1. Residue by residue, what Karplus-based ³J(HN,Hα) values in Hz, rounded to whole numbers, does the stretch 220-229 have, using 6.51, -1.76 and 1.60 with θ = phi - 60° and x for Gly and Pro?
2. In the full protein assembly as shown, how much of Thr287 is accessible to a 1.4 Å probe, in Å² to the nearest 10?
3. Set Lys and Arg Cβ to +1 and Asp and Glu Cβ to -1, take the dipole of the stretch 203-255 about its Cα centre, and tell me which of Ile225, Ala206, Tyr249 lies farthest positive.
4. Cα to Cα, under 12 Å, and not fewer than 8 places away if on the same chain: which aspartates and glutamates meet these conditions relative to Lys337?
5. Placing +1 on the Cβ of each Lys and Arg and -1 on the Cβ of each Asp and Glu in the stretch 135-184, which of Ala170, Gly145, His135 has its Cα farthest towards the positive end of the resulting dipole?
6. Give, as a single signed number, the net charge of other residues whose beta carbon lies under 9 Å from the beta carbon of Ile203, with Lys and Arg counted +1 and Asp and Glu -1.
7. Hey, could you pull the Cα Rg and Dmax for the chain, both in Å?
8. Could you provide, to the nearest whole Å², the per residue accessible area of the chain with probe 1.4 Å?
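The values are calculated or read from the model by the stated rules, or taken from the named source; none is laboratory data. All values derive from a computational prediction rather than experimental measurement. All Cβ positions, glycine included, derive from the backbone under ideal geometry; neighbour counts span all protein chains shown. Surface accessibility is based on the protein's heavy atoms, side chains included, excluding ligands, DNA and RNA. Shrake-Rupley method; radii C 1.70, N 1.55, O 1.52, S 1.80 Å.
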Amino acid sequence: MKKVTTAELKKINRSNIFKLIYKEQKISKQDIAARLQLSMPPVTQCLKELEQLQLIEKNGLFESSGGRKPQVISCIPKSRISFGVEILKNQIRIVSIDIYGKVLKENRLDLAYSNTEGYYRHLGEFVNSFISAMHVASKRILGVGIAVQGLVSPDGNSITYSTILECTGASLEDFCEFINYPCRLTHDSEAAAYAELWFSKDITDAIYVSLSKNLGGAVVINSAIYKGQGIGSGLIEHMVIKPGGRQCYCGKKGCLEAYCSADALVGEARSLDDFFASLRSGKAEETARWHQYLDDLSTAINNMHMLIDCDVILGGHIAPYLNESDFDELLAFAHEKCSFAEKRRYIHTGKCTHAVVATGAALLFVNDFLDSI
């Protein structure tokens, strides 16, 4: 077995100490030493280094159980900032987050996507301007995660399939050509699922359903997104629920996308705010449409549940509008379709419901940063 050098041991200790502070948010030096079974000198030295890197700070005093009050040690949430961009057909959304995933600022730009230099130049100008306006030192910027409506190659360097944006073959280099910071490319549904995993640490196995402008999903196994072996996994939007039914953008008919995306529910010209305001006020047309929507969605959810007996988590643009009666109705539809006496409440809304796609894209850089300490 290779012997660990003093430098390597020091790096391991520093990493473990930082991650413990990050997890606990508030902790004393004495508790760090006790929890990690380290003597005080190496703890003191690592804390000094982390302070010099401006990653942690002393922030008040704990109550004393006798003797001097121990100092509170915390991570500095804004020590590093990450950015996430969601590329939609007619809009760009951007957020900045701290190392805990808290959204600090957001903006959007109405701009129709096109796989052209002109579009990518506009994208770069928008992103650079947003970052510049935050007045953050370059060394504190982790990078820009870019989430697209399309399947991304395993190495993250190109888009292998995208009918919505019509950008199959576009590369990471295309998207980041005019952005002044490191970039990563990811599928929007995977970004949303990643954000949910980040804020729901108890998830082990689940199916994540993104009820956004366009539908999407991800399969979570052992607390990680299952990537599949070919075209990908979690592509629930192209699960056929009504053979020969409505036309889907993929060219086939009867896909779930054509019935349960936000656009399928309200149309491209109408807002979700307007639809749900009418629904909650009891308008007959919206009520009938909503009941049918939940019925169609329950068909797909029951099929998923029969394949993998785990929780189904609903996220995306529609999720924040769901109330308890919606879940009761959705579960009732799903239980009715189930061949077994399933009564468990296995359908839940996600914990991350705001700017979920852009947040998830930004969190990829935060995760890399935490692993690098």
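1. So the J values, rounded to whole Hz, are 10, 10, 6, 6, 9, 6, 6, 8, x, 10.
2. For Thr287, solvent-accessible area is about 40 Å².
3. Of the options given, the answer is Tyr249.
4. Straight-line reach from Lys337, under 12 Å: Asp295, Asp296.
5. His135
6. Numbers: positive: Lys201; negative: Glu196, Asp202, Asp205, Asp311.
Its environment carries a net charge of -3.
7. Reported Rg and Dmax, both Å: 23.3, 76.
8. 49 Å²
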